[in-house]
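Comments concern the structure below.
Taken together, the values in this text are just the output of simple stated rules run on the coordinates, not laboratory data. It should be emphasised that the depicted structure is a prediction, and the values quoted were computed from it without experimental measurement. Every residue, glycine among them, receives a Cβ derived from its backbone with ideal geometry; neighbour counts consider all protein chains shown.
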Amino acid sequence: MNLKQQIEKIVVNIGLGKLRNQSNFDDKVLPEVMKELALVTGQKPALRPAKKSIAGFKIRTGDPIGLQVTLRGRRLADFLTRFINIVLPRVKDFKGIDLHQIDQDGNLNIGLREQFVFPEIQADRSKVNFGLQITIVPTPEYGGKAVVLYRELGIPLKK
């Protein structure tokens, strides 16, 4: 079975909440985060603007609050292979992905605390530190048997 017929897409998200408080956010921090996310995913990220203003968080409508990349096809396969074989073994104290991270639709949600587990990012040269949230979305026919699918793909799930 082809990977493209089993997995619909992979979505990589970054929240810019705490990074926005830094001075020179628009000039230096945001372009650096976008560059590193593009290195990791192989695709330019899309800015996600705030939909409404929230005074308590000092957010105005239209301010960038996140970055998103949706991977499909060849980039999906390349990213998933690198993620399973290279990135997950580099995560500190990694003992497998908990089954509770799979929702009722079969989507697998994985959070990483820092981007330095990706081999493309050099920790000594990076100027920013951010976390990522990765969502693997199976095709609808595999949604009910997602645990079996993820095990077949080699994703290390806990028993």
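Overview of results
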read-out: Extent along principal axes [Cα atoms of the stretch 1-86; Å; largest to smallest]; value: 50, 25, 17
read-out: Compactness index (Cα Rg / 2.2 N^0.38 Å), the stretch 67-155; value: 1.14
read-out: Contact order relative to length of the stretch 14-114, as percent, for alpha carbon pairs under 8 angstrom and 6 or more apart; value: 21 percent
read-out: Extension gain (nm, one decimal) between residue 139 and residue 6, 0.36 nm per residue minus Cα-Cα; value: 47.3 nm
read-out: At R0 = 30 Å, FRET efficiency that the Cβ-Cβ distance of residue 23 and residue 51 yields, to 0.05; value: 0.70
read-out: Per-pair calculated FRET efficiency, R0 = 30 Å: residue 35 and residue 103 via Cβ, rounded to 0.05; value: 0.45
read-out: Helix 73-82 axis, angle to the chain major axis (alpha carbon atoms, nearest 10°); value: 90 degrees
read-out: Positive-end residue, the chain charge dipole about Cα centroid, Cβ charges, pick of 97, 56, 38; value: 56
read-out: Estimated D of the chain in µm² per second, where Rh is the Kirkwood radius over Cα pairs and Stokes-Einstein applies at 10 °C, 1.306 mPa s; value: 94 µm²/s
read-out: Proximal charge balance of residue 38 [Cβ under 13 Å; K/R count +1, D/E count -1]; value: 0
